[in-house]
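J.: Mind looking over this structure? Questions follow.
The values are calculated or read from the model by the stated rules, or taken from the named source; none is laboratory data. Note that this is a predicted model, so its numbers are computed, not measured. Cβ placement follows ideal geometry from the backbone for every residue including glycine, while neighbour counts extend to all protein chains displayed. To get the accessible areas, we keep the full protein, side chains included, count just its heavy atoms, and leave off ligands, DNA and RNA. Shrake-Rupley method; radii C 1.70, N 1.55, O 1.52, S 1.80 Å.
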Amino acid sequence: MTVARLIAGDASGGIKGVPGALGSELPVNVGRFVQFLASGFQKNRTGKEGKTATPKTVAETVTLLKPVAPLLENWPQGFKDHVEERLAAGDQKLNSAPARLGNWYQRLMSFKEPAYRPYKDCVADVIAQNFDGTYSGTLSASQPRQWLTAKEAASEIGVSSQRLVEAVSSGQVFGKMSNSGLGHRHTIVSASEVEEIKTNRSLFRDGRFVRDRLGVSRGQFELLKGSGVIREVLKQERPPLVDGGFDVSAIDASVEFIRNSAHERDGDTITFKNLSLRRTTDRAALARLFKSIFAGEIRAVVAEVGLLLAEFRFLEADIKWELRSGRHSLDWTAQDVAEITGWKHQCVTQWCKLGLLEARSVPHGRGVGFLISPASLAKFQGEYVPVATLAKSSASSSRKLLAEFADRGIGTYGAESDGMTSRGHLVRLSELRLWSRDRDCLELGALKNADSERLLLTSSA
């Protein structure tokens with residue numbers, strides 16, 4: 001009855017089970033369209049479809065149109081099932097969807113009226129979901145294709161076509177390869193495989209991306225890698241076509257663990273980004289520190305949501321304890337000596353460079369650092385005193401004292417130029433005798449004892 005109503009041109013209220021465009025505004029060639037559908041089920045003496053004689057009796061008509069009814073009544077699935085069968089029955093060696101559908105596709109495309117658009121859309125969707133060749137035709141599908149050419153897939157992934165083809169050829173990526181009659185080699189990749197590769201590439205990133213994500217410097221990032229808390233995945237262990245060597249999800253999980261372990265406490269704090277070789281020259285101690293932080297043994301005090309790892313804050317007392325507890329020697333860094341004595345870190349480093357303060361050099365970032373033993377510091381304090389320390393204890397100024405020393409012929413040592421001025425002037429204690437006679441306000445012995453007591457107290461602590 002459905003087919004009969006279509007051929008009869010009955011469009012009153014539309015015909016249930018067929019596209020609205022065809023069921024409400026019947027084109028004049030609807031009879032020819034129905035005959036086209038019917039002829040697809042018939043074969044002539046040569047075995048070809050399409051050339052079917054017009055039936056002369058009702059019985060012949062019923063026989064011819066009987067296979068068409070399921071295509072129209074069960075819309076759109078009935079028609080899609082029919083197209084799928086045709087696509088599967090075509091020559092699978094052909095890389096063109098129109099070629100696999102053969103003459104049937106060309107005849108369908110000859111119906112230009114808008115009423116037949118839904119049928120062409122169904123064909124396009126079936127091709128998009130089932131066709132595994134390289135050319136899908138000119139029809140636009142409402143759904144994305146399930147198979148993409150190597151060029152299309154490579155463009156979506158962000159790699160070269162050649163690299164993708166090699167990955168398919170080696171079996172790293174699931175795809176299909178075929179040769180055309182012209183000797184061309186065709187490669188296709190499933191859309192699901194493309195999406196999986198894209199996901200993996202977003203999860204594995206390079207070092208620069210991870211550094212920015214953590215907010216750390218290149219130097220500190222290398223220290224984190226060296227300590228083992230951040231691991232670069234070996235190339236052979238990565239998913240196919242993945243360039244980045246760092247598993248971002250694993251790194252994010254570690255940062256979240258540190259964040260969730262945070263415990264607010266009082267005291268001076270230090271940010272994570274300042275835990276570097278500027279803090280200590282002991283790489284082993286720094287590695288242990290990072291491991292303790294990532295293991296939750298040293299907990300942050302500030303790690304709010306939205307802060308990068310570099311901005312997390314830790315108790316300075318916890319950091320100092322960890323850095324010193326694992327040392328194999330009692331030597332101090334230049335920074336340690338500066339904190340103990342109150343001298344400037346730059347001045348301590350300068351005196352070490354000049355050999356005035358005995359120290360052993362160690363690698364420090366891209367430069368050189370110094371380690372000073374307590375005995376070396378005590379010896380130094382027995383020979384020299386900083387002019388800045390004298391000025392502070394005598395309620396004077398370094399500039400004024402330097403002028404007085406120059407008048408009396410007392411030389412200074414260890415100074416470093418700093419723009420238009422200089423800093424780090426030292427005076428030998430033995431040369432201060434003449435000057436101290438006229439400076440009753442300065443008790444040189446008390447000054448020396450005060451420095452020694454500060455050193456001993458700090459060392460004991």
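J.: Would you mind getting the Kirkwood hydrodynamic radius of the range 304-424 from its Cα pairs, rounded to one decimal in Å?
T.: 16.8 Å
J.: Mind listing the phi-derived Karplus ³J(HN,Hα) values for the range 228-236, rounded to whole Hz, using 6.51, -1.76 and 1.60 with θ = phi - 60°, and x for any glycine or proline?
T.: With the stated coefficients, the range 228-236 comes to x, 6, 10, 10, 8, 6, 4, 4, 6 Hz.
J.: Could I ask something else about it? Once the principal axes of the Cα atoms of the range 88-131 are found, what is the range along each, listed largest first in whole angstroms?
T.: 33, 21, 14
J.: In nm, what is the difference between 0.36 nm times the number of residues separating Q106 and V28 and their Cα-Cα distance?
T.: Contour length minus the Cα-Cα distance gives 26.1 nm.
J.: Now, a different point. Express in Å², to the nearest 10, the accessible area of I340 obtained by rolling a 1.4 Å probe over the protein heavy atoms while all chains stay in place.
T.: Its heavy atoms expose roughly 10 Å² to the probe.
J.: May I pose another question? Report the semi-axes of the equivalent ellipsoid for the range 139-255 in whole Å, largest first, where each axis is √(5λ) for an eigenvalue λ of the Cα gyration tensor.
T.: Ellipsoid semi-axes (Å, largest first): 36, 15, 11.
J.: State the percent of C-alpha pairs, over all pairs in the range 97-170, separated by a distance greater than 21 angstrom.
T.: 37 percent
J.: Cβ under 13 Å from P98's Cβ, P98 left aside: what net charge do those residues give with Lys, Arg +1 and Asp, Glu -1?
T.: +3
J.: Still on this structure, I have one more. If amide H atoms are built 1.01 Å from N in the plane of the peptide, which residues on other chains or at least 5 residues away come under 5 Å of the amide H of V301?
T.: Counting only residues 5 or more places away or on other chains, the set is H263, R313, F314, L315.
J.: In terms of modelled amide H atoms, which long-range or inter-chain residues lie less than 5 Å from the amide H of W332?
T.: I372, S373
J.: Related question: Looking at the range 188-266, which trypsin sites (Lys or Arg not before Pro) are in a loop (DSSP not H, G, I, E or B) and have at most 16 other Cβ atoms within 10 Å?
T.: R231, R265
J.: Let me ask something else. Expressed as a whole percent, how much of the Cα-Cα distance distribution for the range 197-263 exceeds 20 Å?
T.: That fraction is 29 percent.
J.: Kindly write out, for the range 78-91 in residue order, the coupling ³J(HN,Hα) from the Karplus curve 6.51 cos²θ - 1.76 cosθ + 1.60 (θ = phi - 60°), rounded to whole Hz, with x marking Gly and Pro.
T.: Once rounded to whole Hz, the list reads x, 5, 5, 4, 5, 5, 4, 4, 5, 5, 6, 7, x, 5.
J.: In the structure shown, do any of K225/K273; K66/K120; K112/K151; K151/K235; K151/K198; K273/K392 have a Cα-Cα gap over 26 Å, and if so which?
T.: Check vs 26 Å cut-off fails for K112/K151; K273/K392.
J.: Another question about this same structure. For H186, which sequence-distant residues (separation of 5 or more, or a different chain) have an amide H within less than 5 Å of its own amide H, given hydrogens modelled in the peptide plane?
T.: The answer is S178, N179, S180.
J.: Across the range 215-220, in residue order, what do the Karplus-derived ³J(HN,Hα) couplings come to in whole Hz, using 6.51 cos²θ - 1.76 cosθ + 1.60 with θ = phi - 60° and x for Gly and Pro?
T.: Each residue's phi maps through the Karplus curve to give x, 9, 7, 4, x, 5 Hz.
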